[in-house]
Amino acid sequence: MAGIQPERINLSSAEMVRQAAWFLLHSLFGLLAWAVMMGVVTLFHPESVPAIVTLALSFLIPLAAGFLIVRMRASNVATLTWLAGLVWFMIVGLWVLDMPTGPDACYRCGPGDKLWFTFFSLHWDSGMADGQGRFLGTWPATAMLAYSIGAKLAMREHAPEEVVPLEEDIPQLQ
C-alpha cells in the first residue's frame, strides 16, 4: 500500500486550519443533502415511506451530491467525511446505550439488542430515543459515508497531490 509516512507531511498551521474548515464544510454539505432528501420524504408522509427506501435515499442523494460538489471543486479532504459520520454514529450509539430500558423501550434488552433494534432493524423499533434512532443515528451517518464515497469517485480523475520532499530526502551531490 503506497501511503505517505507521517514524518513526510509538513503542513503549516494555516494549512491545517484550512483543511479542517473544508472538512467541516464538506460534512455539512453531506448533511444538507440528506436534510433536503428528508424534507422531500416528509412531503410524502414518512409513515408511508418504508425505512429501506429512506435508507437507500439517504445513501444515494448524498452520494450524488458528493460526486457533483467534488467534481466542481476537487478536494481530498471531502473523501474523509466518513470519519464525521462514524463519530456521529458512535456518539448517538453511546447515548442510546446509556438509556434505561422499560415497557415500550426495549424491555430487558441487552446492549446489542438496544443498538440493533434502534439503528438497524427495518421491521421493529426498540422504542429508545422516542423511536427516532434511525433518524438521529443511522441515516445521517449513512449520508456522510455516502458523501465520502461520492467524493472519492469524483477524485479518481484527478492526479494525486504531489508530496514535496523534505530536504533530507533529496540526495546530495558530492
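The values are calculated or read from the model by the stated rules, or taken from the named source; none is laboratory data. Worth saying up front: this structure is predicted, and the values here are computed from it rather than measured. We place every Cβ from the backbone using ideal geometry, glycine too, and count neighbours over all the protein chains shown. Note: areas computed on protein heavy atoms with side chains; ligands, DNA, RNA excluded. Shrake-Rupley method; radii C 1.70, N 1.55, O 1.52, S 1.80 Å.
Only one of the numbered conditions (1) at pLDDT 95 or above; (2) surrounded by 19 or more Cβ atoms within 10 Å (Cβ to Cβ) is not met by residue 70, and that is (1).
Within segment 80-106, if we keep just the residues that are touching a residue at least 12 places away in the same chain (Cβ under 8 Å) and part of a loop (DSSP other than H, G, I, E, B), the residue that is surrounded by the fewest Cβ atoms within 10 Å (Cβ to Cβ) turns out to be 104.
Might you check whether a residue that is under 23 Å from residue 46 (Cα atoms), open to solvent by 80 Å² or more (accessible area, probe 1.4 Å) and not basic (Lys, Arg) occurs anywhere in segment 107-122? Yes, there is a match, as at least one residue in segment 107-122 is under 23 Å from residue 46 (Cα atoms), open to solvent by 80 Å² or more (accessible area, probe 1.4 Å) and not basic (Lys, Arg). Of all residues in segment 102-110, none are aliphatic (A, V, I, L, M) and under 30 Å from residue 65 (Cβ atoms). Is it the case that segment 44-63 has a residue that's under 20 Å from the mean Cα position of the chain (by Cα), open to solvent by 80 Å² or more (accessible area, probe 1.4 Å), more than 30 Å from residue 122 (Cβ to Cβ) and at pLDDT 90 or above? No, there is no match, as no residue in segment 44-63 is under 20 Å from the mean Cα position of the chain (by Cα), open to solvent by 80 Å² or more (accessible area, probe 1.4 Å), more than 30 Å from residue 122 (Cβ to Cβ) and at pLDDT 90 or above. A count restricted to segment 13-43 and to residues that are open to solvent by 80 Å² or more (accessible area, probe 1.4 Å) and among the aromatic types (Phe, Trp, Tyr) stands at 0.
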